[in-house]
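What follows is one structure encoded as structure tokens, with my remarks underneath.
The values are calculated or read from the model by the stated rules, or taken from the named source; none is laboratory data. From a predicted model like this one, the values you see are computed outputs, not experimental measurements. Every residue, glycine as well, gets a Cβ built from its backbone with ideal geometry; the counts of neighbours run over all protein chains shown. These area figures cover heavy atoms from the full protein model, side chains too; ligands, DNA and RNA do not enter into them. Shrake-Rupley method; radii C 1.70, N 1.55, O 1.52, S 1.80 Å.
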Amino acid sequence: MLKRLLRSIGWLVGAGAADHVATRSEFKDLGARVERLERLLEALAQNSAAQVEQAQAQRFLQEKTCAELAYLNGLMRVVSTDIVNASAGRPVLGAKTNTFSQNYEDAVLSAIFERIGSGQKRFLEIGVGDGTENNTRLLLELGWRGAWVECDPAAVAAIKRRLADYLADGRLILIEEAITAETVDEVVGRCDLSGEIDFLSLDIDMNTSHVWRAMALRSRVACLEYNASFPPEVAFEVAYDPNSTWEGSSYFGASLLSLDKIGREKGMALVGCDLMGINAFFVRQDLAETHFPGSHAAVDHYQPPRYALAGSRGHPRAAGRFARAKE
């Protein structure tokens, strides 16, 4: 509109209605002022549009947040009920505490060994991280002895620094190596472990089932990661590739049924899974029949993936040594 007004004034000037030099100069100045005013008006319009858009976005975000909170609230009620039902009548799943483990493994293992006895207190864990959060650190602190196998150089360096005295007195043997089905028995041989050990923990993402199948070493208890994305009626395991690495997808490891079949071939029975749907626990068949009566079928112990519940619980993991109470 301002431009049309300016053009009209310019036409009058050009037509001689105001042909003085001063008038032409004032008209030129007026044109500049009008252009500046138009730019300000355009900027204001854009700013107003942005404010409207921002307000709409904020309203959408608020509505979306309220909807998500309502969904999560409902989901937590469902999950809470599911967990209570899953734990009912299963003392192993009723154990829910951590010292060094990630998903209540410390408590589950304590419940298992309280039933069957600690035996010779020997363990092997493959895939231990830096030693502050795994399945056998508590056992080590409680007087057990065994071996850790880890392929990450930084994690190995941290273990050597934090647990130097355990390594020095031979209570703990540390092997820095990536495990494959072809090398597992040779590596176990270097761990000074033979015969039957009391506990095996195996968590190497992609090839867990293949390595366990190939392993000659036997254990009274075993904890293995399973892929809960697959139903308990489905036998699944990734194709074996010794160089494969997990990419963070649902394509990893093996289903619970596949691990159960391997366990049965090794004379072991499935006695439970953690509530997060991450680990499966096996006990030697004769011990399971005595101390864990009832079904040992995968379909009866399967827990669905509840990975969102595997967050931080309690205080951060401690890196220091613990003094055990005198017996």
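Cβ-Cβ distances below 6 Å connect the following pairs, each with a first residue in segment 264-276 that is of a type in the set (Val, Ile, Thr), a second residue that is open to solvent by 10 Å² or more (accessible area, probe 1.4 Å), and a separation of six or more residues or different chains: VAL271/PHE292. Taken over segment 246-273, residues that are open to solvent by 10 Å² or more (accessible area, probe 1.4 Å) and of a type in the set (Val, Ile, Thr) amount to 1. Of all residues in segment 167-220, exactly one satisfies the criterion of being crowded, with 18+ Cβ neighbours inside 10 Å, closer than 22 Å to GLU247 by Cα and among the charged types (D, E, K, R), namely ASP203. Those strands (runs of 3 or more DSSP E) of segment 176-274 in which at least 2 residues are touching a Cys at 6+ places or on another chain (Cβ under 8 Å) and within 24 Å of GLY119 (Cα to Cα), considering only elements entirely within it, cover 196-202. In segment 279-295, the qualifying residues are those that are closer than 19 Å to ILE197 by Cβ and open to solvent by 10 Å² or more (accessible area, probe 1.4 Å), and the one that is modelled with the lowest pLDDT is HIS291.
Only one of the numbered conditions (1) surrounded by 18 or more Cβ atoms within 10 Å (Cβ to Cβ); (2) out of contact with any Phe, Trp or Tyr (no Cβ under 9 Å at 6 or more places or on another chain) is not met by LYS160, and that is (1).
The single condition from (1) modelled with pLDDT of 90 or more; (2) in contact with a strand residue (DSSP E or B) (Cβ under 8 Å, 6 or more places away or on another chain); (3) open to solvent by 20 Å² or more (accessible area, probe 1.4 Å); (4) of a type outside the set (Phe, Trp, Tyr) that ARG90 fails is (1). Screening MET276 with (1) open to solvent by 20 Å² or more (accessible area, probe 1.4 Å); (2) touching a helix residue (DSSP H, G or I) at 6+ places or on another chain (Cβ under 8 Å); (3) modelled with pLDDT under 95; (4) of a type in the set (A, V, I, L, M) gives one miss only, at (1). When the residues of segment 113-167 are filtered to those that are part of a helix (DSSP H, G or I) and among the charged types (D, E, K, R), which remaining residue is nearest to the chain's Cα centre (by Cα)? Checked segment 113-167; the qualifying residue nearest to the chain's Cα centre (by Cα) is ARG137.
Just one of the listed residues (LEU75, LEU37) is farther than 30 Å from GLN303 by Cα, modelled with pLDDT under 70 and open to solvent by less than 100 Å² (accessible area, probe 1.4 Å), and it is LEU37.
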